[in-house]
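Reviewing the structure listed below.
The values are calculated or read from the model by the stated rules, or taken from the named source; none is laboratory data. All of these numbers come straight from a predicted model, not from anything done at the bench. Reconstructed Cβ throughout: ideal geometry from the backbone, glycine too, with neighbour counts over all protein chains shown. Ligands, DNA and RNA are excluded from the accessible area calculation, which covers all protein heavy atoms including side chains. Shrake-Rupley method; radii C 1.70, N 1.55, O 1.52, S 1.80 Å.
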Amino acid sequence: MSKRRNVCVIGCGISGLSVAKLLQQHNWKVTVLSESDPRIARNDPTFSSLFPAASVIPRSVNSGEIDSLFRESLSHFDTLHEQQFPGLKIHEHFELFASGKDLPGYAQYMDAFSTLEEFRDSFHPKHSEFAIQAGWKFNCYFADWPLYYPALLNSVLEGGAELQIQSLEKDDLRKLPFDIVVNCSGLGSVELFNDPNGLLYRGHLLQILEAPMLKNPNGDIFSYNFSPGAEIYHTESGNAQDVYFYPRSDGWILGGSRQEGRLDEHGIWTGEQTISPNIEIDGTVIPKQIFTLHKNILCETFGVELDRFSKRKVKIGYRYLRKKEEGLRLETEEIHNRLFIHNYGHGGAGVTLSWGCAEKVRQLLQKNVS
């Protein structure tokens, strides 16, 4: 194997691991650099792969390549599902609104897509105070994170990748002993590569531990997003928010929030703050609507009282989106006489586009080393 068949991947999140795995399958020798050991539990809001929802739905990202990347990702998820890859499931997912809403651009790609008019009289999540005025449902892949991420990490390591725990600074880039580097560092790219387009969304997740797996009347796992309208739930700047429910093997994930901001030079959040009404859970202040909206929907739909589940945990994570006019970065750059391939800025679609972006990285790499 020639020297140029060696590649380094910066970042051990979902993007970095997906790239590493795909390159392994095409006979590349891979080294993964990670600031912290991904095999050890931690709570770092800047490591976005600790906090994915993680539905395979192409939202919350800006790119002119979304369609092709998503189709490629779906193809890889199809294969993984056929192989019964740990943690990869299919949900019946509902997206519901208390006001009118146009169909999403991804409707054409979702399996069993149907609109509210087609299922209004059958099962769907309901809120007792806010009538559902628009919505749709479809079947989509879902990565059960406590199972999926460790399985992917183990697969990469068992495939022969070398994992190096190393904190990088900009000056370290010239010293890396690799001819080819794939940058999947996410938020780290702001400083490592002087990216001025940094834009963060802060999200609050309420985890209900040891909660039962709820299913629809057909016995299928389901999940939902619900948008009550800006007058009911909005950010400090007035942007409408929605909440989402995802059942996992370790309980329920109740989101969400999308507060826009940045981190200062000390890593402190500077941006939208959680406004009233709010509540404190697990020592952290979160929007009260995350609790109250879900409480009503779960009770109205299943007769389940959220208050009776006392084991709760709050997590706060950052999604690195980049400014809309720049969007997802998937391109090559020559730095210090070596090839760098950038793959970051996925926002809330890191899992969704993980395999499509990995395939694009492989194509860029192949094009530039042939």
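Quick look at the values:
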read-out: Listed residue (T274, G256, F309) projecting farthest to the positive dipole end of segment 247-319, Cβ model; value: F309
read-out: Surrounding net charge for V314, when Lys and Arg each add one and Asp and Glu each subtract one, Cβ distance under 13 Å; value: +4
read-out: Packing-based order for 145-156, 210-221, 77-88, using average beta carbon neighbours within 10 Å, highest first; value: 145-156, 77-88, 210-221
read-out: Given charges at Cβ of Lys, Arg, Asp, Glu: the chain dipole, positive-most of V361, S68, L23; value: L23
read-out: For the chain, share of DSSP beta bridges that run antiparallel, in % to the nearest 5; value: 70
read-out: For segment 340-355, 3J(HN,Hα) per residue [Karplus equation, 6.51 cos²θ - 1.76 cosθ + 1.60, θ = phi - 60°, Hz, x = Gly/Pro]; value: 10, 10, 8, 8, 7, x, 7, x, x, 10, x, 5, 4, 9, 4, 7
read-out: The chain - percent relative contact order, Cα under 8 Å, separation 6 or more; value: 27
read-out: Among C299, G327, G347 the positive-end extreme of the charge dipole of segment 288-350 (Cβ point charges); value: C299
read-out: Hull volume in cubic angstrom per residue (convex hull over the Cα atoms of the chain); value: 140
read-out: Net charge of neighbours whose Cβ lies under 11 Å from the Cβ of L263, counting Lys and Arg as +1 and Asp and Glu as -1; value: -1
read-out: Approximate shape of segment 263-365 as ellipsoid semi-axes (Cα gyration tensor, √5λ), whole Å, largest first; value: 39, 19, 12
read-out: Cα-based equivalent ellipsoid, segment 114-249: semi-axes from gyration tensor eigenvalues, Å; value: 40, 23, 13
read-out: Counted charge near S155, where neighbours are those whose Cβ lies closer than 14 Å (Asp, Glu -1; Lys, Arg +1); value: +1
read-out: Label-to-label distance, nm, for residues given as S114 and N27 (7 Å Cα→Cβ offset); value: 4.8
read-out: Dipole in debye (nearest 20) - segment 276-370, about Cα centre, beta carbon charges: Lys, Arg +1; Asp, Glu -1; value: 140
read-out: Cross-link reach list, aspartates and glutamates versus K215, counting only Cα pairs under 18 Å and skipping chain neighbours closer than eight places; value: E92, E95, D121, D144, D250, E300, E305
read-out: Accessible area in square angstrom per residue, segment 103-251, 1.4 angstrom probe; value: 44
read-out: Carbon/sulfur fraction of accessible area - segment 66-185, other protein chains in place, 1.4 Å, %; value: 44
read-out: Unsatisfied cross-links (Cα-Cα over 26 Å) in the set K89/K126; K29/K315; K137/K295; K126/K288; K137/K311; value: K29/K315; K137/K311
